[in-house]
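Contents: one structure, followed by commentary.
The values are calculated or read from the model by the stated rules, or taken from the named source; none is laboratory data. On a predicted model such as this, the values are computed, not experimentally measured, just so you know. Here Cβ is always computed from backbone atoms with ideal geometry, including for glycine, and neighbour counts include all displayed protein chains. Surface areas here come from the heavy atoms of the whole protein model, side chains and all, with no ligands, DNA or RNA. Shrake-Rupley method; radii C 1.70, N 1.55, O 1.52, S 1.80 Å.
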Amino acid sequence: MTPRKRNDNGVLVLGGGITGIQAALDLANSRTKVYLVEKSPSLGGRMAQLDKTFPTMDCSI
Amino acid sequence: MLDAGRHPNIEVLTNSELIELGGSAGNFRAKVWRRPRYVNEELCTGCGQCAEDCPVVVPNEFEVGMGARKAIYSPFAQAVPNTYIIDRENCLNSDFLVCNNCQKSCDRDAINYDDSGKVVDINVGAVIVATGFDVYDASAIPSYGYGLYHNVLTNMELERVLNATGPTQGHIVRPSDHKVPRKIAFIQCVGSRGEGKEAGCQYCSRFCCMNTVKDCLLIKQHAPDIEEVLVFYIDIRAAGKGFEDFYRRSQEMPELKYIRGRPSKILEDPETHDPIIFVEDGETGKVSRIKVDMAVLASGAVSAESNSRLADVLGIELDENGFFEIDTKYGSPLHTLREGVYVCGCAAGVNDISDSVAQGSGAAAEAERFATRLPEEKEPKEKKEIDTSGPPRVGVFLCHCGINIAGVLDIEALKEHAKSIPNVVHVEDNLFLCSDEGQRMVQERISEHKLNRVVAAACTPRTHEPIFRESCDQVGLNPYLFEMVNVRDQCSWVHTTTPDKATAKAKDLIKMGVARSKHLQPLYKNSIPVNQSVLVIGGGVAGMCAALELEAQGLKVYLIEKEGRLGGILNDLTRVYPANLSAFELSRALMEKVEASRIEATASTEINSIRGFVGNFDVATTNGNLKVGAIVIATGAHIYKPGDEFGYGQFDNVITNQELENILHDSRDKIKIKGETPETVVFVQCVGSRDPEKNSGCSRYCCPTTIKQAIRLRESGVNVAVLHRDMRTVGAQAEEQYRRARELGVKFIRYNDERLPEVFGDGGRARTVEILELALQRILQVDVDYVVLAAGMVPNEATTAKLHDILKVPRDADGFFMERHAKLGPVETTIEGVFVAGCVSGPKDIADSIAQGSAAAAKVASIICKETVELEPTTCTVDQSLCRACGQCVEICEYHGPSLVELADGRRAAKINQALCKGCGTCASWCPTGAIVALHFTDEQIDSMMEALLAGVV
């Protein structure tokens, strides 16, 4: 594939909850450098606080 | 979470925030402030000794204040990173006081009280805002007494109470006396759908209904003796994939009662601390006081307080609710007003998890446009692999899963038992094996004890096996030498009431796991070249968006459409809610973009056949053949065609919302239906939806569509009534539009399943609609000029069935395609390299379909931006010397894996294509000569498990 234009640029993802992690992983898996910035001391966001998720009742972690 | 922490392309900066963003799309200059942590991330191992020795105890915000933590702490057991942090506001060390306990206890010397943080400069091409939401502060509604009464909790607090790792270890007790409550009430819409100023937000928070339904089911599990659970609600909004079935399942719980009504206030019995709920029953109008043991407020979501500051930094705007404003001109929920800055999840408005995940992927695809790809790793670094030729040295690791496992099973007994099994050289337990610290422990033990087999007795391999395999791989142990025993789902969860038997069963399972592990063989992934092009099937809004996104990333894209032109359902709409965009303009804009791009779009084209596998699909269409590496299915859905319900087909003036849409399309000012201006129009909701016989799910789009049409009619002077079961106006602006419709005088009348509305007429025309008015229990008769049926969405049967046959993507009970995971993999399927977007996997509106189109593009990109793809080695293989070419495997395989080939000696034998084989083992069990072996499930492995189980029994 043709390497694309512009500088040697990554993507800044603000927020380390489920949405931010998903965005970061998809970018990283497409060989893009990601800076994942989270204001609290750990990743996880709200979802880590939940017990199970509906409707599959999977563990939230 | 752990994946993100481990990914080589992701740099995680926690305890940090963006403070400046200069430059423009493709060339942003960001400044990120890393707040002081006072603990060196590189040195801290997360051992926790410092927290043991810290003298300060403060409320734990992760437990919503219900638990305690120290001033130096790790937020929760599975935190990533697991570096500790000092909360300096509560730390004793100050200018005048010296505690230094943590510094003294840290043998890695990681504590630095003088840490002052630092600013890092980062150059990026794009920014994704995924900062989420805040929970509504229920104490803002004084009449509910939250914070005042002991036994009034919020849903987030209940969530922690129900959690096995939470402050009560999953036992439901009420705060005032720690007794198990017998009667619990949920109050919905706290802070959502508010009417007054202090009542919170006007919009619907979308997640709380389903969260309550889930909690009700969990309460029953955690406290089987519960007497009564009451849910006070306005509408139950089960508007998402599988949600309606889940809601229906909860209605089968005899203790659970749904009561329509919004409580006016809660008081507390001063002696017993029982909350007393004052509520008017929305159906009977009866006002009652209901005493319960515990009340749970279903607090909604509000925009994060930090949004306004971040908006300033980013140079973008907030909307009237404080969420980041979306540039609606794209019809997409992901664009902000600044180019190169995208927003997803709850930062832009309330969304549930699956939509947030899809939006996260979608934003990733958008951001890719402004990013540069890192060079492909050519050769994986040579790893030293652990020698497995010697006798098996098995390590057994037991996970407590908080109390999910350890609360029922006797861990000490299991450990003793595991130690007694031959070849087991090490046994160890851990609170959470899946935590960073747990995984590191496993890795260290592999090296220390020269383990060449690892058995984890923990939760389900479905979600956690990959984490363990990856950890083994990192330290050189072949990942297929790892065996997982599910003692949670199969023992502690299902045999909670008989812990002894559960422990005995776990012992058997561990014994069997160890036995199998000894026969495991290292397996190696093969890689095959990837064709770096993609086929998008379906030229509707989701398909076009996916195609455009992929093309923008420089990939070769083919887009095929069955109909004569692109556009899909947009061609049949007039205006698209919520921004009232013209459907025509939107579809024209997309079509023009497709036209101007290098996408090879062909209309009037259908699929004949698809052969092949991820990276290498051979597609035959009615318009020639293609070779592609991945496929996106975006073939949409159909609108349900009513049978004879509500006089459809019998009376001319009973039409569907789709037919009305066409009429509105042609009407300019005064609305005329078939030449006449109607006086009264009645809408009937849920036609062909939420009906277990036809389509069990909620179609989601119809309520907002009805509102949109009702407003249009009402504004030109028509009397409008909407007959409904629940108004499900979820999504951006939907609740606000619902309110507007009511203000304009649209009447909303509820009906229930027992008594559906009836349409009467004569001479081919409907004249009246009869409906049972629930509050007064009397029949209302409405004279009508038109009846509009809000028809739900059903799968496009012919296309879906055909693609299911060709590609083997599973279908759900309603016939839509099934995603890999309803929450975590909304655009992936179980077939590698095949993705879904839009309504083909279930009803969605335009905005959600666009987000899914982008999300599918991100997933495709992650496969085909690489030159090769790795194949799972857990497949079946044929010992051709034993094969007699009977061909039964060829017939039986669903995935076209085996075929008969001619060998060098002229004999014929079966051969299995490793890329097509899913490793299901059907052929192996069927093969009459035993020539086929399922590589990760050999007869030897299975037999060893049986022998271990039956040893001493027979």
Legend entry - strands (runs of 3 or more DSSP E) enclosed by region B:856-954 - at least 2 residues per element that are under 30 Å from residue B:418 (Cβ atoms) and not acidic (Asp, Glu): B:932-934
Inset, instruction - Would you mind stating whether residue B:792 is open to solvent by less than 20 Å² (accessible area, probe 1.4 Å) and touching a Phe, Trp or Tyr at 6+ places or on another chain (Cβ under 7 Å)? - result: yes
Legend entry - Subset of region B:299-325 (residues that are open to solvent by 20 Å² or more (accessible area, probe 1.4 Å) and β-branched (Val, Ile, Thr)): B:302, B:313
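If you go through region B:762-771 one residue at a time, do you hit one that is free of Cβ contacts under 8 Å to residues at least 60 places away in the same chain and of a type in the set (A, V, I, L, M)?
Yes, region B:762-771 contains a residue that is free of Cβ contacts under 8 Å to residues at least 60 places away in the same chain and of a type in the set (A, V, I, L, M).
So that you can scan it fast, the table gives a plain yes or no per residue for (1) in the same structural domain as residue B:847 (by TED's automatic domain parsing); (2) in a helix (DSSP H, G or I); (3) within 26 Å of the chain's Cα centre (by Cα):
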site	(1), (2), (3)
B:683	no, no, no
B:686	no, no, yes
B:697	no, no, yes
B:700	no, no, yes
B:705	no, yes, yes
B:720	no, no, no
B:730	no, no, yes
B:739	no, yes, no
B:742	no, yes, no
Inset, instruction - Specify the residue that is modelled with the lowest pLDDT; the eligible residues are those in region B:1-37 that are within 23 Å of residue B:78 (Cβ to Cβ) and open to solvent by 70 Å² or more (accessible area, probe 1.4 Å). - result: B:3
Inset, instruction - Residue by residue through region B:210-227, note down the ones that are more than 10 Å from chain A (Cβ to nearest Cβ) and either without any contact (Cβ under 8 Å) to a residue 24 or more places away in the chain or open to solvent by less than 40 Å² (accessible area, probe 1.4 Å) (or both). - result: B:216, B:219, B:223, B:224, B:226
Inset, instruction - Take residue B:794 and decide whether it is assigned to a strand (DSSP E or B), among the aliphatic types (A, V, I, L, M) and over 35 Å from the mean Cα position of the chain (by Cα). - result: no
Inset, instruction - Scan region B:764-789 for residues that are open to solvent by 80 Å² or more (accessible area, probe 1.4 Å) and in a loop (DSSP other than H, G, I, E, B) and report the count. - result: 2
Legend entry - Residues of region B:720-754 that turn out to be free of Cβ contacts under 8 Å to residues at least 40 places away in the same chain, under 18 Å from residue B:189 (Cβ atoms) and hydroxyl-bearing (Ser, Thr, Tyr), as a count: 1
Legend entry - Verdict on residue B:418 being more than 14 Å from chain A (Cβ to nearest Cβ), open to solvent by 20 Å² or more (accessible area, probe 1.4 Å) and either free of Cβ contacts under 8 Å to residues at least 60 places away in the same chain or assigned to a helix (DSSP H, G or I) (or both): no
Inset, instruction - Among the strands (runs of 3 or more DSSP E) lying completely within region B:572-621, list those that include at least 1 residues that are open to solvent by less than 30 Å² (accessible area, probe 1.4 Å). - result: B:607-613, B:616-621
Inset, instruction - Being more than 14 Å from chain A (Cβ to nearest Cβ), part of a strand (DSSP E or B) and not hydroxyl-bearing (Ser, Thr, Tyr) narrows it down to one of B:485, B:408, so name that one. - result: B:485
Legend entry - Members of region B:530-543 that are within 13 Å of chain A (Cβ to nearest Cβ) and either open to solvent by 10 Å² or more (accessible area, probe 1.4 Å) or of a type outside the set (S, T, N, Q) (or both): B:530, B:531, B:532, B:534
Legend entry - Candidates B:356, B:306, B:299, filtered to the one that is among the polar types (S, T, N, Q) and within 30 Å of residue B:272 (Cα to Cα): B:299
Inset, instruction - Of all residues in region B:544-571, count the ones that are more than 14 Å from chain A (Cβ to nearest Cβ), over 24 Å from residue B:624 (Cα atoms) and open to solvent by 20 Å² or more (accessible area, probe 1.4 Å). - result: 2
Inset, instruction - Check whether at least one residue in region B:853-867 is more than 14 Å from chain A (Cβ to nearest Cβ) and hydrophobic (A, V, I, L, M, F, W, C), and report yes or no. - result: no
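Residue by residue, here is whether (1) within 12 Å of another protein chain (Cβ to nearest Cβ); (2) of a type in the set (A, V, I, L, M); (3) open to solvent by 30 Å² or more (accessible area, probe 1.4 Å) holds:
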site	(1), (2), (3)
B:122	yes, yes, no
B:133	yes, no, yes
B:141	no, yes, no
B:145	no, no, no
B:150	no, no, yes
B:159	yes, no, no
B:162	yes, yes, no
Legend entry - strands (runs of 3 or more DSSP E) enclosed by region B:1-93 - at least 1 residues per element that are among the small types (Gly, Ala, Ser) and away from chain A (no Cβ under 12 Å): B:16-24, B:67-70
Legend entry - Pairs with Cβ under 8 Å, 6+ apart, first in region B:69-85 and free of Cβ contacts under 8 Å to residues at least 40 places away in the same chain, second surrounded by fewer than 23 Cβ atoms within 10 Å (Cβ to Cβ) and part of a strand (DSSP E or B): B:69/B:57; B:69/B:58; B:69/B:59; B:69/B:60; B:70/B:57; B:70/B:58; B:71/B:58; B:73/B:60
Legend entry - Selected residue (criterion: farthest from residue B:838 (Cα to Cα)) from residues of region B:261-295 that are under 35 Å from the mean Cα position of the chain (by Cα) and open to solvent by 30 Å² or more (accessible area, probe 1.4 Å): B:293
Legend entry - Members of region A:1-30 found to be within 7 Å of chain B (Cβ to nearest Cβ), under 19 Å from residue B:27 (Cα atoms) and at pLDDT below 90, listed by number: A:3, A:4, A:6, A:7, A:8, A:9
Legend entry - Selected residue (only one of B:866, B:911 is open to solvent by 20 Å² or more (accessible area, probe 1.4 Å) and modelled with pLDDT under 90): B:866
